[in-house]
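Beneath this line is the structure, given in structure tokens, with notes to follow.
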Amino acid sequence: MKKITIAIDGFSSCGKSTMAKDLAKSINYIYIDSGAMYRAVTLYAIRQGLLTDKNEINEQALLQRMPQIKVNFRLDPTTGLPQTYLNGENVERDIRGMEVSSKVSLIAALDFVRAALVEMQQAMGKEKGIVMDGRDIGTVVFPDAELKIFVTARPEVRAKRRYDELQAKGDKTPYEEILKNVQERDYIDQNRTVSPLRKATDALLLDNSEMTIAEQKAWLKEQFERIANE
Ligand code: DC
């Protein structure tokens, strides 16, 4: 069985990272959440005062400081789950909070941030044996990946999944608001000028609107085995 590169791209809230993480674990590959890297740079910019409450970005200063930003991942020894580190500090919790979530798309739209992170991502995947998820993995980061998947689901289905998750955490955000947010993020992801979200021509399309997690998992494993055994 050969060692390959697996690129998983797609819309937000369609279970990409769950399936990517799960596949990586089951085949003993490294998993990289590229979105976490954009989130870590956003956290850095907020903490350094380079991204204000009014969403003003000091691009010049951020550009100069890019070489000082180191993002990497380590597995939590108890849970086995990957944790994101920013310059040696575990920032996994902070990067998932509302403040970073609401500002990350601004940082992800900066070409010099993308160039720096793409370079880091390519270095992480040099040895293959990697599953990376994001928006531009199959198109920009690893255009030669042996297996590319583009995941989607109907906006209403994604909004309902997000709604159920939030309800379970005690968050009462109404479904309509979540649906609007999903649709807005889809629009931003697909229409930004740098590396917009689009399916690579050679990516397999996975619409998981009507699939269970177990069905998805089995489908993905099958694709992996087909390609890795070629
Ligand atoms: O997948 P996520 O929600 O954690 O991604 C966070 C943000 O980063 C989101 O605005 C999309 C963006 N992103 C990107 O532009 N390119 C990637 N490869 C991954 C994420």
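So here's what we get for this one:
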item: Lone qualifier among ARG74, ARG114, ARG93 - being touching a residue at least 24 places away in the same chain (Cβ under 8 Å) and either aromatic (Phe, Trp, Tyr) or closer than 28 Å to LEU23 by Cα (or both); result: ARG114
item: Residues being touching a Leu at 6+ places or on another chain (Cβ under 8 Å) and either outside any helix (DSSP H, G or I) or within 11 Å of the ligand (Cβ to nearest atom) (or both) - total across region 83-132; result: 11
item: Any hit, region 151-169, residues being in contact (Cβ under 8 Å) with a residue 24 or more places away in the chain, assigned to a loop (DSSP other than H, G, I, E, B), surrounded by fewer than 19 Cβ atoms within 10 Å (Cβ to Cβ) and in contact with a strand residue (DSSP E or B) (Cβ under 7 Å, 6 or more places away or on another chain); result: no
item: Residues located in region 205-217, provided they are surrounded by fewer than 17 Cβ atoms within 10 Å (Cβ to Cβ) and either touching a residue at least 24 places away in the same chain (Cβ under 8 Å) or not in a helix (DSSP H, G or I) (or both); result: LEU205, ASP207, SER209, GLU210, MET211, THR212, ILE213, LYS217
item: Members of region 193-204 that are more than 8 Å from the ligand (Cβ to nearest atom) and either surrounded by 18 or more Cβ atoms within 10 Å (Cβ to Cβ) or in a loop (DSSP other than H, G, I, E, B) (or both); result: THR193, VAL194, PRO196, ARG198, LYS199, ALA200, THR201, ASP202, ALA203
item: Filtered residue count, region 12-31, keeping only those that are within 10 Å of the ligand (Cβ to nearest atom) and either of a type in the set (Val, Ile, Thr) or closer than 19 Å to PHE142 by Cβ (or both); result: 2
item: Number of the condition not met by GLY80 [criteria: (1) part of a loop (DSSP other than H, G, I, E, B); (2) closer than 22 Å to ARG135 by Cα; (3) without any contact (Cβ under 8 Å) to a residue 60 or more places away in the chain]; result: (2)
item: Among residues of region 54-80, those that are surrounded by fewer than 12 Cβ atoms within 10 Å (Cβ to Cβ) and among the hydrophobic types (A, V, I, L, M, F, W, C), counted; result: 0
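Condition check ((1) touching a Phe, Trp or Tyr at 6+ places or on another chain (Cβ under 7 Å); (2) surrounded by fewer than 19 Cβ atoms within 10 Å (Cβ to Cβ); (3) within 24 Å of ILE107 (Cα to Cα)) across all residues:
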| residue | (1), (2), (3) |
| --- | --- |
| LYS128 | no, yes, no |
| ASP133 | no, no, yes |
| VAL141 | no, no, yes |
| LYS148 | no, no, no |
| GLU177 | no, yes, yes |
| GLU184 | no, yes, yes |
| TYR187 | no, yes, yes |
| TRP219 | no, yes, no |
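Quick note: the coordinates plus some simple rules give every number you see, no bench work behind them. Since the model is a prediction, treat every value here as computed from it, not as a measurement. As a convention, Cβ positions derive from the backbone with ideal geometry for all residues, glycine included, and neighbour counts pool all protein chains shown.
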